[in-house]
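Read through the structure below, which is laid out as structure tokens, and then see the notes.
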Amino acid sequence: AQSVTQLDSQVPVFEEAPVELRCNYSSSVSVYLFWYVQYPNQGLQLLLKYLSGSTLVKGINGFEAEFNKSQTSFHLRKPSVHISDTAEYFCAVSDGNTGGFKTIFGAGTRLFVKA
Amino acid sequence: DTGVSQNPRHKITKRGQNVTFRCDPISEHNRLYWYRQTLGQGPEFLTYFQNEAQLEKSRLLSDRFSAERPKGSFSTLEIQRTEQGDSAMYLCASSKNQGEGTEAFFGQGTRLTVV
């Protein structure tokens, strides 16, 4: 069975500082990995995804993530955050072998950017 | 195309009443998903349609829950005899045929409060 663990429930950081949001997954098959962002009272918006190929994936809003198969991790990073990045971030996995008709989400990490 | 649309955005109901939510997916997306999200948690998979066929239901979906997608376009999620534990955000998502890890596009959700 697939599962996703987001290691930090909250991450406070000052504006213009770098940030890393950690995600580990478990799966017995090949996977597709995603990071979504959710602003208050909104649905989820895709930041980036890893399907195959280069392990460093670049997404929107200056975010990037690195797939590490040996460590089963997919950590999200941004070199310099803005106040507007304050939101909930969800790491997710779907099953690559069967086409992944459903996505399993982690519990989320609340990023709080302080001025 | 304006994306995935969900109605209503908010619903307050008394315990024991029935409620129905509607989801209009992105046109030409043949896959539609329902998720439930409670406070502080990531979305949890409820059910999934490919066209009009409901192909999987989570164990979270008790007998009081029913979902339909009669013509393979919009979908409804009905909860009968609501309970306070049903209070949550109900998210709908749609995607194309997910052969290559295509991401799901989410609506803004319907927030249900059972009093």
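For the stretch A:3-69, give me every one of the strands (runs of 3 or more DSSP E) that falls completely inside it and has 1 or more residues that are in contact (Cβ under 8 Å) with a residue 12 or more places away in the chain and farther than 14 Å from A:Asp85 by Cα. Break it down stepwise before answering.
Details: elements: A:3-6, A:10-14, A:19-21, A:23-26, A:31-38, A:44-50, A:56-58, A:64-68.
In the stretch A:3-69, the matching strands (runs of 3 or more DSSP E) lie at A:3-6, A:23-26, A:31-38, A:44-50, A:64-68.
For the stretch B:58-65, check the following and say yes or no: at least one residue is at pLDDT 95 or above and not aliphatic (A, V, I, L, M). Please lay out each step first, then the result.
As a first pass, look at the stretch B:58-65 and keep what is at pLDDT 95 or above: B:64-65.
Still in the list and also not aliphatic (A, V, I, L, M): B:64-65.
Yes - at least one qualifying residue is present in the stretch B:58-65.
Note down all Cβ pairs under 9 Å where the first residue falls in the stretch B:13-40 and is surrounded by fewer than 18 Cβ atoms within 10 Å (Cβ to Cβ) and modelled with pLDDT under 95, the second is basic (Lys, Arg) and not in a loop (DSSP other than H, G, I, E, B), and they're at least six residues apart or on different chains.
If the second residue must be basic (Lys, Arg) and not in a loop (DSSP other than H, G, I, E, B), the pairs left are B:Gly40/A:Arg110.
Given the conditions (1) more than 9 Å from chain A (Cβ to nearest Cβ); (2) touching an Asp or Glu at 6+ places or on another chain (Cβ under 8 Å), report the number of the one that B:Tyr35 does not fulfil.
All conditions are met except number (1).
So, of the residues in the stretch B:41-57 that are hydrophobic (A, V, I, L, M, F, W, C) and surrounded by fewer than 18 Cβ atoms within 10 Å (Cβ to Cβ), which turns out to be modelled with the highest pLDDT? Talk me through it step by step, then tell me what you get.
Kept after step one, since they are hydrophobic (A, V, I, L, M, F, W, C), are these residues of the stretch B:41-57: B:45-46, B:49, B:53, B:55.
Restricting the remaining residues to those that are surrounded by fewer than 18 Cβ atoms within 10 Å (Cβ to Cβ) gives B:53, B:55.
On the way: B:Ala53: 91, B:Leu55: 86.
The extreme case among them is B:Ala53.
Look at A:Lys78 and say whether it is under 24 Å from B:Gly40 (Cβ atoms) and crowded, with 16+ Cβ neighbours inside 10 Å.
Against the criterion (under 24 Å from B:Gly40 (Cβ atoms) and crowded, with 16+ Cβ neighbours inside 10 Å), A:Lys78 qualifies.
The values are calculated or read from the model by the stated rules, or taken from the named source; none is laboratory data. Not measured: the values here are computed from a predicted model. Using ideal geometry, Cβ is built from the backbone for each residue, glycine included, and neighbour counts are taken over all protein chains shown.
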